[in-house]
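The values are calculated or read from the model by the stated rules, or taken from the named source; none is laboratory data. Since the model is a prediction, treat every value here as computed from it, not as a measurement. Cβ: placed from backbone, ideal geometry, glycine included. Neighbour counts: every protein chain shown.
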Amino acid sequence: MAAAAKMTEDEHAKEISAGWQNQLYEVLRRHDVTQFSYVPDAGHRICIDRSLADKDVHSVALTTEEEGVGLACGAHLGGKRAVLLMQSSGMGNCVNFFSMVKNGRFPFLTVLSMRGDFGEGNPWQMGMGQATKPIFKALDFIVLEITKPEEVVPTIDAAAAMVWKSGQAVAVLLSQKLIGAKAF
């Protein structure tokens, strides 16, 4: 208890962040996700690190986000489950590839760390951050948003059911209310 009292506010925030990020990874694994693709991103750091350390999964660093769309579709064709981890600013790179998801009726899950929403100070992140949700809706994706740590497990569980039981394309947005706004 005394150690917890000595924890700084920043350390406490990191501990809370690690908690929900670890839960995110555990829920994905509980749903038999065995392929994680990503462009390195601080918002997904723990999930990426855990996937790299897990001998039972394939963790693939991408040079650009759209590669992850093809990998996820290929994983499905091979009888595996995949997730694409990306930042909202990378979503724009995937728009053409998302037509493959819809036209091929691939079950598809992506989790995005949002930029350009709550508390964003970087003007270069605003455009894509604000366009992410409307673009996903226009592409006929189901969009779920997480704003609080206690929403992580039920939302990822719901997304997984929608993807792998109903064959849907689902984008889960990790709000800056959850991950924190980056200083600019």
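Worth pointing out:
- From MET91, MET162, MET126, residue being closer than 19 Å to GLY43 by Cβ, surrounded by 14 or more Cβ atoms within 10 Å (Cβ to Cβ) and touching a strand residue (DSSP E or B) at 6+ places or on another chain (Cβ under 9 Å): MET91
- ASP49 being in contact (Cβ under 8 Å) with a residue 60 or more places away in the chain and more than 20 Å from ASP157 (Cα to Cα): no
- Just so you know, in the stretch 51-83 the residues that are closer than 15 Å to VAL33 by Cβ and among the β-branched types (Val, Ile, Thr) include one that is nearest to the chain's Cα centre (by Cα), and it is VAL83.
- The lone exception for LYS137 - which of (1) farther than 20 Å from VAL39 by Cα; (2) outside any helix (DSSP H, G or I) it fails: (2)
- For the stretch 140-158, the set of residues classified as surrounded by 17 or more Cβ atoms within 10 Å (Cβ to Cβ), touching a residue at least 40 places away in the same chain (Cβ under 8 Å) and either outside any helix (DSSP H, G or I) or in contact with a His (Cβ under 9 Å, 6 or more places away or on another chain) (or both) consists of PHE141, ILE156, listed by residue number.
- Residues satisfying the stated conditions in the stretch 159-184, i.e. in a helix (DSSP H, G or I) and either farther than 20 Å from LYS102 by Cβ or in contact with a Cys (Cβ under 7 Å, 6 or more places away or on another chain) (or both): GLN176, LYS177, LEU178, ILE179
- Restricting attention to the stretch 92-112, the residues that are more than 20 Å from ALA160 (Cα to Cα) and in contact with a helix residue (DSSP H, G or I) (Cβ under 8 Å, 6 or more places away or on another chain) add up to 6.
- Flag for GLY78 being over 24 Å from VAL152 (Cα atoms) and modelled with pLDDT of 95 or more: yes
- Contact annotation: residue pairs with Cβ atoms under 6 Å, 6 or more positions apart or on different chains, pairing a residue in the stretch 110-126 that is polar (S, T, N, Q) with a partner that is assigned to a loop (DSSP other than H, G, I, E, B) and modelled with pLDDT of 85 or more, are SER113/ASP41; GLN125/ARG115; GLN125/GLY116.
- Looking across the stretch 60-91 at every residue that is polar (S, T, N, Q) and touching a Lys or Arg at 6+ places or on another chain (Cβ under 8 Å), the one that is farthest from MET162 (Cα to Cα) is identified as SER89.
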